[in-house]
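Nothing in this text is a laboratory measurement; each read-out follows from the coordinates by a stated rule. None of these values were measured; they are calculated from a predicted model. Cβ sites come from the backbone with ideal geometry, for glycine too, and all protein chains shown count toward neighbours.
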Amino acid sequence: WPLEAVRLPAPAADARFVALGEDLALVGVRGRPALPGESVVIDLSLVGLRPLVQDDRTSVRLMDEEGWWLSIHDGQPAMGAIPTLKWIRGSRVMDRHLLPVPEGFAGERVQAVLAAYEGFRMTTLLPMDERFEVVPLGWWGVPEGRE
């Protein structure tokens, strides 16, 4: 087949591939905005890059436009249902994080970032570009309130 005939599909708007250390990769992100006093829902799609032999954790942080933390959610992926110690190469796990937007929040949007770390030694699983310790996940608008 001539190379000109090979066409790959365009990636989806929410597609990602960010290796986190040598253990796992972020391959997708979906988020649902929230009003002040409610929780932003962030769903991460993670895949094991090899059989895992350590207890990896994910930490999603919600920040305002100036970078101040509003809320944080740490834990084992999949809310602890499938500890990474049970992952084999190719394991795909949906990792949900609920991040409250503070009551009275006056900003227009929030940003979520991801950090991953080994839970026993607390060592960071650095993304592919080791200059960064967190992976930006996206921005979500915060409606002013209900009518």
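Among the trypsin sites (Lys or Arg not before Pro) in segment 31-131, those located in a DSSP loop and surrounded by at most 15 other Cβ atoms within 10 Å of their own Cβ are ARG89, ARG121, ARG131. Of the Cα atoms belonging to segment 49-147, the radius of gyration and Dmax stand at 15.5, 51 Å. Peptides 21-31, 74-84 ranked from most to least packed by the mean count of surrounding Cβ atoms within 10 Å: 21-31, 74-84.
Using C-alpha pairs below 8 Å separated by at least 6 residues, the relative contact order for segment 64-142 is 28 percent. Measuring how big segment 23-67 is from its alpha-carbon positions, Rg and Dmax come out at 13.9, 40 Å. Between the amide H of VAL142 and those of ARG109, VAL110, distances stay under 5 Å, these residues lying 5 or more places away or on another chain, with hydrogens modeled in the peptide plane. Which of the chymotrypsin sites (Phe, Trp or Tyr not before Pro) found in segment 38-121 are loop residues per DSSP with 14 or fewer other Cβ atoms within 10 Å of their Cβ? Passing sites in segment 38-121 are TRP68, PHE120. Shown here for segment 23-104: GluC sites (Glu not before Pro) in loop regions (DSSP other than H, G, I, E, B) with at most 13 other Cβ atoms within 10 Å, namely GLU65, GLU66, GLU103.
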